[in-house]
1. Take each of the peptides 85-98, 57-70, average the number of other beta-carbon atoms within 10 Å over its residues, and list them starting from the highest.
2. Trypsin sites (Lys or Arg not before Pro), restricted to the range 1-39: which are DSSP loop and have at most 14 other Cβ atoms within 10 Å?
3. Give me the one-decimal nm value for the distance between modelled label points at Phe55 and Val29, 7 Å along each residue's Cα-to-Cβ direction.
4. Want the number for Arg81 to Trp135: 0.36 nm per residue separation, take away the alpha-carbon distance, what's left?
5. If each of Ser48 and Asn6 carries a label point 7 Å out from its Cα toward its Cβ, how far apart are those two points in nm?
6. With all protein chains present, how much of the accessible area of the range 19-73 (probe radius 1.4 Å) comes from carbon and sulfur, to the nearest whole percent?
7. Tell me, what HN-Hα J-couplings in whole Hz come from the Karplus equation 6.51 cos²θ - 1.76 cosθ + 1.60 at θ = phi - 60° for each residue of the range 33-47, using x for Gly and Pro?
Amino acid sequence: MSLSVNRVTLSGRISTEPERRHTHKGRPVVSFRVAVSRRTLAGESITSFIDVTGFDAVADSCALLRKGDIVAVDGSLHQDRWIGKDGAGRQRLIVSARRVMCIRESERGGTIWPSQPEEPDSLREPTVLDRALAWLRRPSAQDKSPVQPGAAAV
């Protein structure tokens with residue numbers, strides 16, 4: 001038996017206006033793209049645009065999200081495959097969101113990062129980012145691991 005993990009946690013700015021719709025069976029769906037940046041060793045910034053989709057309660061909880069909001073997303077990676085109009089096979093990777101948290105709305109000023117040098121964790125108040133990261137670390141109701149912590153996998 002091979003052990004595999006499919007879990008994605010990311011945060012970034014929503015780069016497209018969230019699209020809300022319903023499936024043919026009436027399930028609410030929300031789709032949007034999150035811009036996630038990273039720095040290379042040379043110091044240049046590279047931005048990736050990640051497609052995110054959420055269903056049911058996740059879609060409902062995203063009703064107030066707007067382009068430009070900074071969000072934290074917890075979910076799993078899914079591969080979408082289809083045949084294009086030209087007959088060629090197409091594919092893309094999508095994050096299927098289990099949880100989405102708005103860290104900061106785009107209309108607010110300021111920044112989520114502390115403006116002062118970091119104090120030891122025990123001396124400072126938790127920032128919005130600290131709370132978002134703690135929220136993402138919480139197990140969701142959908143996390144059903146067959147192996148309990150401390151138990152050996154067979």
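The values are calculated or read from the model by the stated rules, or taken from the named source; none is laboratory data. What you see is a predicted model; the values in this text were computed from it and never measured. For neighbour counting, all protein chains shown are included, and Cβ atoms are generated from backbone atoms with ideal geometry for every residue, glycine included. Just so you know, the surface numbers come from the protein's heavy atoms only, side chains and all, with ligands and any DNA or RNA stripped out. Shrake-Rupley method; radii C 1.70, N 1.55, O 1.52, S 1.80 Å.
1. Details: 85-98: 12.4, 57-70: 16.2.
So the peptides 85-98, 57-70, ranked by packing, come out 57-70, 85-98.
2. On the way: sites: Arg7, Arg13, Arg20, Arg21, Lys25, Arg33, Arg38, Arg39; in loops: Arg7, Lys25.
For trypsin sites (Lys or Arg not before Pro) across the range 1-39 that sit outside H, G, I, E and B with at most 14 neighbouring Cβ atoms in 10 Å, the list reads Arg7, Lys25.
3. Taking the two extended label points, one gets 0.9 nm.
4. Details: separation 54, 0.36 × 54 = 19.44 nm, distance 3.19 nm.
Once the chain is fully extended between Arg81 and Trp135, it gains 16.3 nm.
5. Placing both labels 7 Å along Cα→Cβ, they lie 1.7 nm apart.
6. On the way: 1810 of 3350 Å².
Carbon and sulfur atoms account for 54 percent of the accessible area of the range 19-73.
7. 10, 10, 8, 10, 10, 9, 9, 7, 4, 7, x, 7, 8, 10, 10
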